[in-house]
Amino acid sequence: MIEPRFFAEGYAYISAEQWHLKEDAPEWAKQEFEQYFKQINAEPDKHGIVTQF
């Protein structure tokens, strides 16, 4: 995976072993953050298949 822009531009940080987004992050960074972690933490469906977009 390519490094997401929100990481490269310094909007994400880790605290207590969990990633967070800075409060002053722009809307694009919030959307990218949510999509990125949804993708890397994808859960299998009832058939055990993981679909990533």
Would you be able to say whether some residue in region 2-16 is under 12 Å from the mean Cα position of the chain (by Cα), modelled with pLDDT of 85 or more, of a type in the set (Ser, Thr, Tyr) and part of a loop (DSSP other than H, G, I, E, B)? yes
Which ones in region 14-33 are surrounded by 11 or more Cβ atoms within 10 Å (Cβ to Cβ) and either touching a strand residue (DSSP E or B) at 6+ places or on another chain (Cβ under 9 Å) or among the small types (Gly, Ala, Ser) (or both)? Trp19, His20, Leu21, Lys22, Ala25, Ala29, Lys30, Phe33
In region 27-34, is there at least one residue being part of a loop (DSSP other than H, G, I, E, B) and acidic (Asp, Glu)? no
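If you take the residues of region 26-53 that are more than 13 Å from Tyr11 (Cα to Cα) and polar (S, T, N, Q), which of them is modelled with the highest pLDDT?
Checked region 26-53; the qualifying residue modelled with the highest pLDDT is Gln35.
The values are calculated or read from the model by the stated rules, or taken from the named source; none is laboratory data. In this text the structure is predicted, and so the values were computed from the model without any measurement. With ideal geometry, Cβ positions are generated from the backbone for all residues, glycine too; neighbour counts draw on all protein chains shown.
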